[in-house]
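S.K.: Got a structure for you, written out below as C-alpha cells; questions coming shortly.
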Amino acid sequence: MDLVHPQLAAFAAVLEEGSFDAAARRLAVTPSAVSQRIKALEDRLGQVLVVRLAPCRPTPAGEQLLRRVRPMLALEAEALADFMPERSAPALVRPIPIAVNEDSLVTWFVAALAQLHEQYGYLFDVRVDDQDHTLDLLRDGSVLGAVTAEATPLQGCNVHALGAMRYRAIAAPAFAARHFAAGVDAAALARAPMIVFNRKDALQWRFVRRITRARLAPPVHCLPTSTGFVDAAARGLGWCLAPESLIAPALRDRHIVIVDPARWLDVPLYWQHAAVRSSTLQQIGQVLRSAAADALRA
C-alpha cells in the first residue's frame, strides 16, 4: 500500500535510483510501467521532468517538483509506520537523503547519525559537498535537509543554527620557518604553496583576503580529503586551513604549527530542511543540534 500517487512515486524512484530499470526493481513493476507513469505525469503537468540519460536527472521543472515530493515521501513513511507497523521492517526503510560538508562529516556528524540509527532505526543517504554548496542539493530536491553555511532559508524550508566551526592555518614546522619566518603577509602568501579541498573550496582564499587585499596567485594543490589535509600539511606539501578538532593530535605531537596564532576563520553552520510537520525531520534536527553543540563553538 502506497499513499503517494504512483506517478509521483515512480518519478522520485527514477531520480533516486538513477535509471528506469532500477526504479522498476524498487517498485516491483516493469520498466515500461515506470516509463508510462513518468510520461503520464509529464503530460498532466505539461513539462518534461526527467532527463533520460545515465544517470537520470531532473530538469528544472523536475527539480521544482522533487522538492515537493521528497517531504511527501517522508510523511508517507511516517504514516505507514503508524498504521501499518509491519511495513516499517528494516528491509523496507527508505534511506533519508541529507547533505553535509566534508569537515562536519569527519568530525561530529557521524556520531549524530549513529545516535539516530540506534534510537529510531533510520538509514541515511549522505551527500557530501562544500558547506557553501550543500544547499544546492536541497534546492534541486536531491535531499530533505542540509548542513550549510547559508543562514537564509530557502523557500519552503526551515533553518536552525548549529554553531561555528573554527579553522586554523597550519603547516609543517620547517615549511612555516621557510615561508613565514617574517610573518604571514601578502609576499609570503603569494609564494607559499596552498592546499585546497577542490576548486569550490573558498576557505583558504577567505583567510588570505582577511590578511591582504592584494590579488595573489600562489601555487595550489587540490586535495579532496579533510583528514588528509593535516597529513599533507605535516609532510610539507603546503599550508591550509583545518578544523581545530582535526589538528589537535598533530599539533600536540609537533607535526604541525599554527602559522598565524592571532588569526582564524569561524564558519557558522546551519541545518536547513523542508518545512513540513515531520517527526522524522524533527528528530534528526534535535540530534544534530545536540551533537553540534558539543563539537562546535557557540
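S.K.: May I ask you to list pairs of residues, at least six apart or on different chains, whose Cβ atoms are under 8 Å apart, with the first in segment 135-148 being of a type in the set (Lys, Arg) and the second being at pLDDT below 95?
M.R.: Between residues of segment 135-148 that are of a type in the set (Lys, Arg) and residues that are at pLDDT below 95, the close pairs are 139/63; 139/67; 139/154.
S.K.: Same structure, new question: If we scan segment 152-174, do we find a residue that is hydrophobic (A, V, I, L, M, F, W, C) and part of a helix (DSSP H, G or I)?
M.R.: Within segment 152-174, one or more residues are hydrophobic (A, V, I, L, M, F, W, C) and part of a helix (DSSP H, G or I).
S.K.: If you don't mind, there's one more thing I want to ask. Scan segment 262-295 for residues that are among the β-branched types (Val, Ile, Thr) and over 19 Å from residue 101 (Cβ atoms) and jot them down.
M.R.: 276, 280
S.K.: Here's something else I'd like to know. If the Cβ limit is 8 Å and pairs must be 6+ apart or interchain, which residue in segment 178-193 that is under 14 Å from residue 214 (Cβ atoms) pairs with which residue that is charged (D, E, K, R)?
M.R.: 184/260; 184/263
S.K.: Kindly provide the set of residues from segment 114-153 that are within 27 Å of residue 196 (Cβ to Cβ) and of a type in the set (A, V, I, L, M), ordered by number.
M.R.: Those that are within 27 Å of residue 196 (Cβ to Cβ) and of a type in the set (A, V, I, L, M): 126, 128, 135, 137, 138, 143, 146, 147, 149, 151.
S.K.: So, of the residues in segment 52-67 that are touching a helix residue (DSSP H, G or I) at 6+ places or on another chain (Cβ under 9 Å) and farther than 18 Å from residue 23 by Cβ, which turns out to be surrounded by the fewest Cβ atoms within 10 Å (Cβ to Cβ)?
M.R.: Here the answer is 61.
S.K.: Are any residues in segment 250-278 assigned to a strand (DSSP E or B) and aromatic (Phe, Trp, Tyr), and if so, which ones?
M.R.: 270, 271
S.K.: Could you tell me whether any residue of segment 41-60 is over 18 Å from residue 141 (Cα atoms), free of Cβ contacts under 8 Å to residues at least 24 places away in the same chain and in a helix (DSSP H, G or I)?
M.R.: yes
S.K.: Quick one: which of 74, 33, 79 is free of Cβ contacts under 8 Å to residues at least 24 places away in the same chain, part of a helix (DSSP H, G or I) and among the hydrophobic types (A, V, I, L, M, F, W, C)?
M.R.: Going through 74, 33, 79 in turn, the sole match is 33.
S.K.: If I filter segment 247-275 down to residues being within 22 Å of residue 117 (Cβ to Cβ) and touching a Lys or Arg at 6+ places or on another chain (Cβ under 9 Å), which single residue comes out as modelled with the highest pLDDT?
M.R.: 271
S.K.: Would you mention how many residues in segment 230-246 are outside any strand (DSSP E or B), surrounded by 22 or more Cβ atoms within 10 Å (Cβ to Cβ) and in contact with a Phe, Trp or Tyr (Cβ under 9 Å, 6 or more places away or on another chain)? Please lay out each step first, then the result.
M.R.: Of all residues in segment 230-246, those outside any strand (DSSP E or B) come to 230-238, 244-246.
Now drop any that are not surrounded by 22 or more Cβ atoms within 10 Å (Cβ to Cβ), which leaves 230, 233, 238.
Subset that is in contact with a Phe, Trp or Tyr (Cβ under 9 Å, 6 or more places away or on another chain): 233, 238.
Within segment 230-246, residues that are outside any strand (DSSP E or B), surrounded by 22 or more Cβ atoms within 10 Å (Cβ to Cβ) and in contact with a Phe, Trp or Tyr (Cβ under 9 Å, 6 or more places away or on another chain) number 2.
The values are calculated or read from the model by the stated rules, or taken from the named source; none is laboratory data. Predicted, not measured: the structure shown is a model, and the values here were computed from it. Ideal geometry is used to build each Cβ from the backbone, glycine not excepted, and the neighbour counts take in all protein chains shown.
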